[in-house]
1. Working out 0.36 nm times the residue gap between B:LYS170 and B:TYR146, then minus their Cα-Cα distance, what length gain in nm do you get to one decimal?
2. Taking only protein heavy atoms and a 1.4 Å probe, what accessible area per residue, in Å², does the range B:21-66 have with all protein chains in place?
3. Carbon and sulfur: what percent of the range A:41-118's accessible surface (1.4 Å probe)?
4. Calculated from DSSP H runs of 4 or more alone, at -39500 (n - 2.57) each and per residue, what is the 222 nm mean residue ellipticity of chain B, nearest 500?
5. Just the ratio, please: alpha-carbon radius of gyration of the protein assembly as shown over 2.2 N^0.38 Å, N its number of residues.
6. Can you give the accessible area of A:PHE93 in Å² (nearest 10), computed on protein heavy atoms with a 1.4 Å probe?
7. What FRET efficiency comes out for A:VAL101 versus A:ILE280 if R0 is 22 angstrom and r is the Cβ-Cβ distance? Round to the nearest 0.05.
8. Give me Rg/Rg_expected for the range A:73-146, where Rg uses Cα atoms only and Rg_expected = 2.2 N^0.38 Å with N residues.
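The values are calculated or read from the model by the stated rules, or taken from the named source; none is laboratory data. These numbers come from a predicted model, not from an experiment. Cβ coordinates were reconstructed from backbone atoms using ideal geometry, including for glycine residues, and neighbour counts include every protein chain displayed. The accessibility values were calculated without ligands, DNA or RNA, using every heavy atom of the protein model including side chains. Shrake-Rupley method; radii C 1.70, N 1.55, O 1.52, S 1.80 Å.
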Amino acid sequence: MEVEQGAVRSSGSLLSSPGWRWPQVRALLFNAFLYLLIVAGGIVFLIPFVWMVSTSLKTLPEIQRIPQPLLPEVIRWDNYYVAWTSLPFTRWFFNTAFITVVNIFGTLLSCSLAAYGFAYTRFRGRNFLFVILLSSMMLPYHVRLIPTFLIFNHLGWINTFLPLTVPAFFGTAFYIFLLRQFFLTLPKELDDAARIDGCNSLNIYWRIVMPLSKPALAAVTAFTFIDSWNDFLGPLIYLRQDSRLTLSLGLRMFLDFQEGTGDLHLMMAASVATLIPILIVFFFAQKHFVEGVTFTGLKG
Amino acid sequence: MTSQSQTAVRPAEKASFFGWWRWRRIEGYLFIAPWLIGFVAFVLGPFLASFFLSFADWNLVRPPSWVGLEHYRTMFTNDPKYIKSFVNTVYFTVFHVPLILVVALFIALLLNRQLPGIGVFRTLFYLPSVTAGVATAILWRFIFNYHYGLLNQAIGLVGIDGPNWLGSTKWAMPAFIIMSTWGFGSLMVLYLAGLQGVPRELYEAAEIDGATAWDKLLNVTIPMMSPVIFFTMIMTIIGSFQIFTAAFVMTEGGPADATLFYILYLYRSAFQWLRIGYASAMAWILFLVILALTLIQLKLSRRWVFYAGEELA
């Protein structure tokens with residue numbers, strides 16, 4: 001990982017040098033202090049998550065006891081079953097998974113095509129259109145929210161997944177930009193060699209550029225997954241029928257139900273459950289999230 | 001990453017070896033066609049449409065009628081809720097943006113060194129950026145719970161009686177500011193990437209001149225990082241004007257509209273009360289405010305943002 005290469009040099013030379021001098025001891029103490037600070041910060045930072053999981057495994061009386069016990073007396077896995085089955089969460093899970101998968105597919109396809117167009121082909125107005133693309137990233141989503149809703153309403157797409165998936169096939173400015181920046185770092189000789197071998201642009205796009213761009217495509221996949229999985233406003237506006245909801249919307253509905261009963265432990269269990277897919281994806285793809293931000297050329 | 005040949009030229013294109021192939025002149029349009037169509041249909045079109053809608057009165061049932069600037073006049077002279085939502089959002093932004101930028105930069109500076117296991121913390125701090133949504137909003141709603149919440153339990157240990165955070169007009173907004181700071185991870189990653197771009201020679205030169213760590217931070221790191229800081233500042237301000245999900249889940253704008261954020265009010269106007277024209281006018285004011293803020297910052301940035309290599313040009 002790149003980020004680790006830079007940074008302070010003190011620790012490397014410390015042990016190899018003969019004898020201990022004050023500046024070195026000071027550097028060691030300083031690093032120890034930083035360590036402590038980082039670890040303490042990390043713990044404070046993680047507590048909300050730990051507490052969330054711990055609460056989700058407690059009984060209600062345990063939560064309402066003051067002072068609250070840190071860990072559950074008996075681990076109640078049952079909370080998860082009760083919470084999950086009290087509303088059609090399984091259905092919502094599959095709805096969300098479907099929308100997310102279609103969005104990833106659509107985004108990868110449309111954005112990589114457009115990025116290839118901007119990076120590798122020449123046409124009149126290319127630079128102008130690229131500037132348009134960049135400036136469209138600055139437009140707040142909410143300025144176009146209402147007319148977009150009216151379009152989908154007019155098409156009769158309310159209460160279907162179409163408004164939440166079809167736009168993905170028309171590209172997202174930020175991901176097009178990210179992919180284009182990455183495509184430009186690929187060696188141009190490949191393109192030339194392939195043309196001499198008789199490849200057309202579509203071949204080059206599919207057989208050369210795409211396979212070489214796996215890291216950037218992985219980053220786009222990771223970002224799209226998170227955006228799509230966590231999306232709330234979109235489903236809130238377009239989905240009405242209970243069986244068609246997404247997890248985020250269903251979870252909000254669950255909150256309304258639990259307000260009456262005050263079943264905080266079930267509320268936490270349902271929340272943790274909806275986060276599990278995100279956590280899984282994150283721990284497998286964390287590298288790609290971090291790389292994604294560097295691909296856009298912000299490094300310089 | 002994969003290659004260094006960013007500046008390589010493409011000889012085949014120069015030689016126009018395939019110049020006879022007319023196809024290559026238009027195929028570029030085909031590649032970008034999906035985006036271009038989507039841009040016109042879902043970005044530019046709606047953007048302009050909302051401008052025209054903002055001069056109309058329309059509830060989707062009766063046909064729209066032209067009202068001119070009436071909505072804009074109402075917003076600023078006859079709708080205290082609108083003003084409240086505007087002031088709330090500015091209040092949030094004024095505290096949220098500096099706080100999260102400073103925290104992210106501070107943690108990035110801490111993590112920007114080679115210590116064993118430091119990568120774990122980078123991952124850890126990034127985590128809330130990917131979990132941001134309804135689930136964590138529910139978590140924070142419970143953290144701020146007056147009786148059983150984590151925060152009041154914690155400060156109760158040192159004998160302080162915590163406020164009823166989300167139930168109090170005074171403390172609800174600070175609660176949102178605290179919660180939002182938790183999501184500093186994505187900024188931190190940007191700053192870590194930026195810190196890698198600061199040339200080491202600058203630090204070495206500063207050390208020879210006898211600079212302390214503090215001097216180096218102020219005179220090397222911050223100036224070299226200023227383009228990244230500037231970029232993240234603009235993006236964070238834009239983002240903080242659009243806070244919605246957390247408000248919708250944690251307080252629904254309450255108590256007494258203390259957390260009625262701009263987009264929450266816009267959402268209600270458009271989708272609950274079907275005041276399409278009025279909500280469009282709100283959207284356009286939001287756009288103009290964001291545009292103005294960005295332009296002002298762009299202007300101010302000349303005084304403090306340092307682009308390395310600019311002097312050479």
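1. 7.2 nm
2. 59
3. 77
4. The per-residue figure over chain B is -19500 deg cm²/dmol.
5. Taking the Cα Rg and dividing by 2.2 N^0.38 Å, one obtains 1.04.
6. Here the residue's solvent-accessible area equals roughly 60 Å².
7. 0.90
8. Relative to the rule-of-thumb radius for its length, the range A:73-146 sits at 1.92.
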